[in-house]
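A short write-up of the structure that comes next.
The values are calculated or read from the model by the stated rules, or taken from the named source; none is laboratory data. The model shown is predicted, which means the values in this text are computed figures rather than measured ones. Every residue, glycine among them, receives a Cβ derived from its backbone with ideal geometry; neighbour counts consider all protein chains shown.
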Amino acid sequence: MELFIVILLLVIFAEVSALAAREFTRKRMPAKNSRRKLFVDTSALMDGRILSVAKAGFLGDEVLIPRSVIRELQLLADGSDSEKRTRARFGLDIVNELERVELADVEIYHDEGDRVKVDERLIELAKENHGIIMTNDFNLAKVATAEHIDVININELAQGLRSEYLPGDKLSVKIISAGANPRQGVAYLPDGTMIVVDEAQRYAGKNQFIEIEFVRYLQTAAGKMMFAKLSEQKRIQKEQKAPKKTATGRKYHKKTK
C-alpha cells in the first residue's frame, strides 16, 4: 500500500512539474500569431532602404526606434566627419518619414541608453522584449546571433531579391512564343520571369534550346522582365546560312559539285 502511495505521489509530482515547465515556456515565448518587436539600428536608418520596405507593407512587426539610436544619429549629424554627418542627417529624415507610413506601426522607444553603447543597448532591448534587431552592421549581427537573437539584414533581403542573371550572362532557353514586336521571341525562366529575345521569333514553338545573352533587366510594379539577344555564336551561324546577293541584288546559292 505504501509503495502504491509513493508511486502515485511521484506521478502527481511529474505531472505538476510538466505543467509548470510548459507554463513557464509559454510566458517566456511570444505567441505565434503575436507581433514581434523589431528594434532598428543606426546603420539600417542611414541606409534608408527600410523606408521602401515599410511603404510596401512588409514590416508587419512592431517597429521600435530606440531613443539611444536617435541620440547617436544626432551626435553623428553634429560631428566633424562630413560623410558621417550627411548620412546621419539622412537617417534622421528616414525616422521622420517612417513615422508617417500608414502600413507600418513605427514608434520611438523611450529607453535609457546613456550608460552603455548603442549596440549593447540594442542587444539588451531585444533580450528583454524577446524582439529582433534590424541592422546592416555585420559585427552587431554576429553578436546578436551568438546571443540567440534573430536579425534582419536589409543587405541580405536585397541580395535575395536581386535578379539571378545579370547583363552579359548566357543561358540556353526554349522560345515559347513570338513577341509583341516583329522578330522577337519569348522565353521564361524557371521562376516564371519573362525573357524577350531579339531575332528569336523563328525559333518559337520548335522545342529547341538556343543560347541567349542577357542585355538588361527591368523591374516594374507588375513584376520583373528580362531582355536578351541571340548569343554571338548563334548570330554568326545565322549570317553564314544567309544566302548571298549578286551585284544586281538577286540571291543565289553556290552550286555544289
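Screening residue 103 on (1) of a type in the set (A, V, I, L, M, F, W, C); (2) in contact with a helix residue (DSSP H, G or I) (Cβ under 7 Å, 6 or more places away or on another chain); (3) part of a helix (DSSP H, G or I) shows it passes everything except condition (3).
None of 106, 116 is touching an Asp or Glu at 6+ places or on another chain (Cβ under 8 Å) and modelled with pLDDT of 90 or more except 106.
Pairs linking a residue in segment 202-231 that is assigned to a loop (DSSP other than H, G, I, E, B) to a residue that is of a type in the set (Asp, Glu), with Cβ atoms under 9 Å and 6 or more positions apart or on different chains, are 231/211; 231/213.
Any chance segment 76-89 includes a residue that's among the hydrophobic types (A, V, I, L, M, F, W, C) and either closer than 22 Å to residue 59 by Cα or without any contact (Cβ under 8 Å) to a residue 12 or more places away in the chain (or both)?
Just the residues of segment 76-89 that are among the hydrophobic types (A, V, I, L, M, F, W, C), to begin with: 76-77, 88.
Filter once more, so that each one left must be either closer than 22 Å to residue 59 by Cα or without any contact (Cβ under 8 Å) to a residue 12 or more places away in the chain (or both): none.
No; the residues of segment 76-89 include none that is among the hydrophobic types (A, V, I, L, M, F, W, C) and either closer than 22 Å to residue 59 by Cα or without any contact (Cβ under 8 Å) to a residue 12 or more places away in the chain (or both).
Among the residues making up segment 187-208, those that are within 27 Å of the chain's Cα centre (by Cα) and at negative phi are 187, 188, 189, 190, 191, 193, 194, 195, 196. Has segment 201-213 got any residue that is outside the structural domain of residue 55 (by TED's automatic domain parsing), surrounded by fewer than 11 Cβ atoms within 10 Å (Cβ to Cβ) and modelled with pLDDT under 75? Looking for residues that are outside the structural domain of residue 55 (by TED's automatic domain parsing), surrounded by fewer than 11 Cβ atoms within 10 Å (Cβ to Cβ) and modelled with pLDDT under 75, one finds none in segment 201-213, hence no. The requirement of being of a type in the set (A, V, I, L, M), farther than 15 Å from residue 213 by Cβ and outside the structural domain of residue 135 (by TED's automatic domain parsing) is fulfilled somewhere in segment 183-195, by at least one residue. Of all residues in segment 132-164, exactly one satisfies the criterion of being among the β-branched types (Val, Ile, Thr), out of contact with any Leu (no Cβ under 9 Å at 6 or more places or on another chain) and within 27 Å of residue 219 (Cβ to Cβ), namely 154.
For segment 63-98, the set of residues classified as closer than 19 Å to residue 117 by Cα and in contact with a strand residue (DSSP E or B) (Cβ under 8 Å, 6 or more places away or on another chain) consists of 64, 65, 66, 67, 69, 70, listed by residue number. Candidates in segment 174-187 are the residues that are out of contact with any Phe, Trp or Tyr (no Cβ under 7 Å at 6 or more places or on another chain) and in a strand (DSSP E or B); of these, the one that is surrounded by the most Cβ atoms within 10 Å (Cβ to Cβ) is 187. Give me the residue from segment 104-148 that is β-branched (Val, Ile, Thr) and under 16 Å from residue 64 (Cβ atoms) and, out of that set, surrounded by the fewest Cβ atoms within 10 Å (Cβ to Cβ). That would be 108.
Can you find even one residue in segment 72-91 that is among the aromatic types (Phe, Trp, Tyr) and modelled with pLDDT of 90 or more? Yes; the residues of segment 72-91 include at least one that is among the aromatic types (Phe, Trp, Tyr) and modelled with pLDDT of 90 or more. Looking only at residues in segment 68-95 that are closer than 9 Å to residue 45 by Cα and among the β-branched types (Val, Ile, Thr), the one that is farthest from the chain's Cα centre (by Cα) is 95.
The set of residues in segment 14-62 being acidic (Asp, Glu), out of contact with any strand residue (DSSP E or B) (no Cβ under 8 Å at 6 or more places or on another chain) and at pLDDT 70 or above consists of 15, 47.
Taken over segment 38-80, the criterion of being part of a helix (DSSP H, G or I), polar (S, T, N, Q) and surrounded by fewer than 18 Cβ atoms within 10 Å (Cβ to Cβ) is satisfied by 52, 74.
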